[in-house]
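Asker: Dropping the structure in here first, questions after.
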Amino acid sequence: MNYVPSDEHGLLINTVRDFARGELIERDAHWDRTETSCCSELGVLYEMGLMGLRVPEEFGGFELPMPCYAAIIRELAYASPSVAVTVAVHNMVAESIRRFADDALQREILPSLTTGGNLSAFAISEPDAGSDPASAKTRAEPTPQGWRLTGSKMWVTNGLVGRWFITLARMVENGGLGRHCMFLVDANAAGLSRTPIKGKMGIRGSETAEMTFDGVVVPRSHLLAEVGDGLKVALAALDGGRIGIASQALGIGQACLDLMTDYARQREQFGRKIADFQAIQWMIADSAVELAASQGLIDHAAGLKDAGQPFTSEAAMAKLHASETANRVAYRAVQAHGGYGFCHEFRVERLYRDARVTTIYEGTSEIQRYVIARSLINSR
């Protein structure tokens, strides 16, 4: 069953929808044209409480149920996929800290994540470790103060403005690289540098950075979970993160469908509105069906997560279906717009580019298929 929000949550979703569609669409176009950061909007996002959607109430957050959170990411993505992924990654990190940090670290960090200047990020990929995080080569050497990190990370969303990074590294043990660990790293620490990655195809308002760790010292208390649990923390974060990216893709796809439908009502060819042609009607109908199916998969995975049930495969299904659907719907929207869809002036061109990355980050479509198939094969 699709998620039906409470009156309170429904009001919040509608408030975000009105804000996003009223304020972010034109700004998103500007960020895309100039390749500048949507983090200029962080002040407003913090004021609205959107940076604490998954932070417990005792620490100043909303602690929303996952289906409501997913609906808010969808509404943000409808207007600005860049803002949506910025908010989603921050909340994913907050949830990882809530789940895996000890009580003292939670009390220290979680309240700050709901206030300005404390954007968070997820640093797991490396130049030679993308779909295979286990092959990470960033080193963590034990010191009397904690650990010293050396290495590099790639494709870090929120990587330029971000203050707190959960970072996967491997312990130096017996002269080589051993167990994986996840650390909470303060970007203000000495030895940490970051470089913007420019020239992206889409979501150009979202910050993407390469990070270098040159002997960055991390306090002992900033280890998440236990030594050797790094991959466990990373994969748990990705499971929840995939629901967020599926919701981002759904928002992109819904925007494309609405733009395609509106254009079809207005555009005339051969003396008729193109909405009268079966080819266009089928594009619209197929898109609506596929988006509705994506919504159902997202709600199902989100509901399982909130119920404390296994949801790894279901999150992968939601992410796979929603991201592939977003790309198909964006393709149809451009096609329906004809030559106009190929120009910057029309928003479907930008959304077409934005949709593409949803099949790549948080695990490629091929990785999602692997996760789903492995779950089915191993269930018997």
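Asker: Taking the conditions exactly as written (crowded, with 20+ Cβ neighbours inside 10 Å and under 29 Å from residue 114 (Cα atoms)), does residue 212 satisfy them or not?
Answerer: Numbers: crowded, with 20+ Cβ neighbours inside 10 Å: no; under 29 Å from residue 114 (Cα atoms): yes.
Judged against the criteria, residue 212 is not a match.
Asker: Output the residues belonging to the stretch 113-141 that are touching a residue at least 24 places away in the same chain (Cβ under 8 Å) and outside any loop (DSSP other than H, G, I, E, B).
Answerer: Here is the first cut: in the stretch 113-141, the ones touching a residue at least 24 places away in the same chain (Cβ under 8 Å) are 113-127, 130-131, 133-134, 136-141.
Selection gives 113, 114, 120, 121, 122, 123, 126, 133, 134, 139, 140, 141.
Asker: A further question follows. Among the residues of the stretch 173-180, are any surrounded by fewer than 23 Cβ atoms within 10 Å (Cβ to Cβ), touching a strand residue (DSSP E or B) at 6+ places or on another chain (Cβ under 6 Å), free of Cβ contacts under 8 Å to residues at least 40 places away in the same chain and charged (D, E, K, R)? Spell out how you get there, then give the answer.
Answerer: Of the stretch 173-180, the ones surrounded by fewer than 23 Cβ atoms within 10 Å (Cβ to Cβ) are 173-180.
Within this subset, residues satisfying the condition of being touching a strand residue (DSSP E or B) at 6+ places or on another chain (Cβ under 6 Å) are 177-180.
Among the residues that remain, those that are also free of Cβ contacts under 8 Å to residues at least 40 places away in the same chain are: 178.
Applying the additional criterion that residues be charged (D, E, K, R) yields none.
No, every residue in the stretch 173-180 fails to be surrounded by fewer than 23 Cβ atoms within 10 Å (Cβ to Cβ), touching a strand residue (DSSP E or B) at 6+ places or on another chain (Cβ under 6 Å), free of Cβ contacts under 8 Å to residues at least 40 places away in the same chain and charged (D, E, K, R).
Asker: Next up: Identify the residue in the stretch 142-172 that is surrounded by fewer than 17 Cβ atoms within 10 Å (Cβ to Cβ) and outside any strand (DSSP E or B) and, among all such residues, is modelled with the lowest pLDDT.
Answerer: Once the filter is applied, the top-ranked residue is 145.
Asker: Only one of these is of a type in the set (A, V, I, L, M), buried (at least 21 other Cβ atoms within 10 Å of the Cβ), in contact with a Pro (Cβ under 6 Å, 6 or more places away or on another chain) and within 18 Å of residue 240 (Cα to Cα): 97, 124. Name it. Quick ask: steps written out before the conclusion?
Answerer: Details: 97 fails: in contact with a Pro (Cβ under 6 Å, 6 or more places away or on another chain).
Residue meeting the stated conditions: 124.
Asker: On the basis of being under 24 Å from the mean Cα position of the chain (by Cα), surrounded by fewer than 19 Cβ atoms within 10 Å (Cβ to Cβ) and at pLDDT 95 or above, does residue 193 make the cut?
Answerer: Values: under 24 Å from the mean Cα position of the chain (by Cα): yes; surrounded by fewer than 19 Cβ atoms within 10 Å (Cβ to Cβ): yes; at pLDDT 95 or above: yes.
Yes; evaluated as a whole, the condition is true for this residue.
Asker: Would you pick out the residues in the stretch 1-60 that are within 20 Å of the chain's Cα centre (by Cα) and among the β-branched types (Val, Ile, Thr)?
Answerer: Within the stretch 1-60, 13, 16, 25, 36, 44, 55 meet the criteria.
Asker: Moving to a separate point now. Hand me the list of helices (runs of 4 or more DSSP H) wholly inside the stretch 287-380 holding 2 or more residues that are surrounded by fewer than 21 Cβ atoms within 10 Å (Cβ to Cβ) and of a type in the set (S, T, N, Q).
Answerer: Working: elements: 312-337, 347-356, 365-378.
It comes to 312-337, 365-378.
Asker: Any residue in the stretch 304-320 that's assigned by TED's automatic domain parsing to the domain that holds residue 253: show its pairings with residues that are part of a loop (DSSP other than H, G, I, E, B) and of a type in the set (Asp, Glu) at Cβ separation under 9 Å, as long as the two are six or more apart or on different chains.
Answerer: 319/362
Asker: From the residues in the stretch 219-265 that are surrounded by fewer than 17 Cβ atoms within 10 Å (Cβ to Cβ) and under 23 Å from residue 326 (Cα atoms), which one is farthest from the chain's Cα centre (by Cα)?
Answerer: Our first condition is that a residue be surrounded by fewer than 17 Cβ atoms within 10 Å (Cβ to Cβ); within the stretch 219-265, this holds for 219-221, 226-228, 232, 235, 258, 262, 265.
With under 23 Å from residue 326 (Cα atoms) added as a condition, the list becomes 258, 262, 265.
Details: 258: 23, 262: 28, 265: 33 Å.
Across the stretch 219-265, the extreme among qualifying residues is 265.
The values are calculated or read from the model by the stated rules, or taken from the named source; none is laboratory data. This one's a predicted model, so the numbers in the text were calculated from it and none came from an experiment. Methodologically, a virtual Cβ is constructed for each residue, glycine included, from the backbone with ideal geometry; neighbour enumeration extends over all protein chains shown.
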